[in-house]
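What follows is a single structure, written as structure tokens, with notes after it.
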Amino acid sequence: MMIHLLTMGCAKNSVDSEKLLGVLRAQGLEIVEDIESADTVIVNTCGFIQPAVEENIDVILDLERMKELGRLERICVVGCLVNRYGDELKRELPTVDLWADSEEWGTVASFFGTPPATWSRMRAPGSSPWSRYLKVGEGCDSFCSFCTIPSIRGRARSTPIRELLGEALSLVNEGAREICLVGQDLTVYGTDLYGSPRLLELLDSLDNALPRDVRVRLLYLNPSGVDETLIEYVAGSERVLSYLDIPVQHIDDEILARMNRPDGEARIRRLFSFARGTDPLFALRTTVMVGFP
């Protein structure tokens, strides 16, 4: 069996795909880069926004045509699109051989044989070996009115610090010199496990465990969880890059309230001004939504 995996969507999906590929290789399966060489294709899908849904369905339809022409034997559709539209998709796309949502990675591995007993660190190499993503958890508790993530991925669930340290060290041993922390909202990391946010504790643990030439980058910080303490920590750290990804989504108080976003214009401006005042070279990345609702 020769397997090709297509990854759609975000960085968190890329991590899931790397872990799945690592498990499949541990099962002795052959992974191929060229879809034309494969007899089995796995699509790790995205169901976040409508254009992504349409793109993913088009990919699945293309694979069905390949199967009808005898160019494929098996199609496996996994991930967020199945969480959101699984029942409907199963009715409309009957030639797909396996459906599995974003919590059913064991089901995918079992489809191809007996999965390993443990596979938390079985990640295949990423597209950029020197910069790797470290996913700190799943889900989200924010429930923004425009966002489907809680309904797709569920409530926020953090990975314990000990497990993250082990995975980070494995990535470094494979050549990574930048570890990018990703999650739906890094600022609430650890709340479900420890009773309060533990992002700074995680950063301290990484600082103590990683070689001195490895840097850490923070991605996806809800502005409601960013405060002066975090900004000062990042600005004063040799380990953590002076780079914050803070998606504000909008700056108008009325629109933010309709989005169910707790921050207003005044606080957002204060945060950004404080970051610039703390370090004029601070890199601030954000996302702004237009056309809401």
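No other residue among ARG212, ARG217, ARG261 is under 26 Å from GLU178 (Cβ atoms), touching a strand residue (DSSP E or B) at 6+ places or on another chain (Cβ under 8 Å), assigned by TED's automatic domain parsing to the domain that holds GLU138 and outside any helix (DSSP H, G or I) apart from ARG217. The sole residue among VAL82, VAL59 that is free of Cβ contacts under 8 Å to residues at least 40 places away in the same chain, assigned by TED's automatic domain parsing to the domain that holds ASN13 and among the aliphatic types (A, V, I, L, M) is VAL82. Identify, please: which residue in region 39-84 is more than 22 Å from the chain's Cα centre (by Cα) and among the β-branched types (Val, Ile, Thr) and is, among those, surrounded by the most Cβ atoms within 10 Å (Cβ to Cβ)? By that ranking, first place goes to THR40. Of the set (1) over 19 Å from THR107 (Cβ atoms); (2) modelled with pLDDT under 90, all apply to MET1 but (1).
GLY175 meets all of the listed conditions (1) part of a helix (DSSP H, G or I); (2) out of contact with any strand residue (DSSP E or B) (no Cβ under 7 Å at 6 or more places or on another chain); (3) touching a residue at least 40 places away in the same chain (Cβ under 8 Å) but one, namely (1). You will find that of ARG217, ARG285, ARG261, the residue that is under 16 Å from GLN184 (Cα atoms), modelled with pLDDT of 95 or more and surrounded by fewer than 15 Cβ atoms within 10 Å (Cβ to Cβ) is ARG285 and no other.
A single member of SER120, SER170, SER110, SER145 is surrounded by fewer than 18 Cβ atoms within 10 Å (Cβ to Cβ), over 17 Å from LEU219 (Cα atoms) and at pLDDT below 90, and it is SER120. Note on region 232-258: residues that are of a type in the set (D, E, K, R), closer than 15 Å to LEU200 by Cα and not in a loop (DSSP other than H, G, I, E, B) amount to 1.
The values are calculated or read from the model by the stated rules, or taken from the named source; none is laboratory data. In this text the structure is predicted, and so the values were computed from the model without any measurement. Cβ sites come from the backbone with ideal geometry, for glycine too, and all protein chains shown count toward neighbours.
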